[in-house]
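Remarks on the structure that follows.
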Amino acid sequence: MTETITFRQEVLNLLHASEGNPINFCIQCGTCSGTCPVAGFMDHSPRQIIAMINAGMKEEVMNSNTFWYCASCYHCTVRCPQEINITGLMYAMKRYSIWKGKYKEGLIGPTFSEAFVKMIVRTGRSFEPVLAPSYIFSFNMRGFLQEVQNATELMLKGRLPLLPARIKRLEKFRSVIGRIIPMGGLE
Ligand code: SF4
Ligand code: SF4
């Protein structure tokens, strides 16, 4: 008989090997939300998103910008009285979201992350001109022109190459990457 795994269990599995206690240890004290420097920009605070995962509210969680706005500062994680790795959870939710291809529309994070992973799988290095289209069009005209001007100046000074460089032993690098991220559909 096939067992159906719940959303909460999927998230717990994603965090299985991470440090810290499982998210069902959360006592909803709100320390993480009170500590988070970007909570004001999130659809749901870290405390709320944990409560929603524990309640199995998959659609609402997947449509939240919370984990995409996380700045990975680790403030919440070091202050959590239950020693939950909240930052690890935010990373895990980003991976889960990309894996499932489900995220809130209009966010820069998923497009940027996907472009970044494709880039490093292909060459082993980050290359700004390939990443820029994933976010530059969300800027206003002034910001857009400023970015173009900065990039042009960097290129003229030889600080931004015209073509991406490839690392040596790329195949070895890919085999390492293949073990730590889901590769489906990235090439
Ligand atoms: S600080 Fe820890 S225990 Fe408190 S709400 Fe956040 S995750 Fe839950
Ligand atoms: S790691 Fe993320 S969720 Fe935690 S306090 Fe920093 S920005 Fe907020």
* **Ratio of the Cα radius of gyration of the range 7-100 to 2.2 N^0.38 Å, where N counts its residues** => 0.94
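Considering Cα pairs under 8 angstrom that are at least six residues apart, work out the relative contact order of the chain and quote it in whole percent.
For the chain, the relative contact order is 18 percent.
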* To do: Express the Stokes-Einstein translational diffusion coefficient of the chain in µm² s⁻¹, to the nearest whole number, given a Kirkwood radius over alpha-carbon pairs, 10 °C and a viscosity of 1.306 mPa s.
  => 85
* Asked: Considering only protein heavy atoms, what per residue accessible area in square angstrom results for the chain with a 1.4 angstrom probe?
  -> 64
* Asked: For the range 57-62, what does the Karplus curve 6.51 cos²θ - 1.76 cosθ + 1.60, with θ = phi - 60°, yield as ³J(HN,Hα) per residue in whole Hz, taken in order and with x for Gly and Pro?
  -> 7, 4, 4, 5, 5, 5
* To do: Pop out the carbon and sulfur fraction of the accessible area of the chain as a percent, whole number, probe 1.4 Å.
  => 55
* Asked: What whole-number value in cubic angstrom gives the convex hull volume per residue for the C-alpha atoms of the range 108-180?
  -> 79
* Which of VAL130, VAL121, VAL148 moves most in a GNM of the chain, Cα contacts under 10 Å? -> VAL148
* Asked: Restricting to lysine pairs 8 or more places apart or on different chains, what number in the chain have Cα atoms under 15 Å apart?
  -> 6
* **Other-chain or far-sequence residues with amide H under 5 Å of ASN21's (modelled H)** => ILE84, ASN85
* Structure fact -> Net charge near SER45 (other residues with Cβ under 15 Å of its Cβ; Lys, Arg +1; Asp, Glu -1) is 0
* What does the charge add up to near CYS26, with Lys and Arg as +1, Asp and Glu as -1, over the other residues with Cβ less than 14 Å from its Cβ? -> +2
* Asked: Taking the chain as a Gaussian network, Cα atoms linked when under 10 Å apart, which of LEU160, LEU15, LEU131 shows the biggest mean-square fluctuation?
  -> LEU160
* Structure fact -> By the rule of another cysteine's Cβ lying under 4.7 Å, the cysteines of the chain that fail to get a partner are CYS26, CYS29, CYS36, CYS70, CYS73, CYS80
* To the nearest Å, what is the center-to-center distance of the range 22-39 and the range 108-168, using C-alpha atoms only? -> 34
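Let me have the relative contact order for the range 22-96, percent, based on Cα pairs under 8 Å that are six or more residues apart. Could the numbers behind the result be given before it?
On the way: 79 pairs, mean separation 26.0, N = 75.
Once normalised by length, the contact order is 35 percent.
The values are calculated or read from the model by the stated rules, or taken from the named source; none is laboratory data. None of these values were measured; they are calculated from a predicted model. Ideal geometry is used to build each Cβ from the backbone, glycine not excepted, and the neighbour counts take in all protein chains shown. Each accessible area value is taken on the protein alone, full model and side chains, heavy atoms only, with ligands, DNA and RNA left out. Shrake-Rupley method; radii C 1.70, N 1.55, O 1.52, S 1.80 Å.
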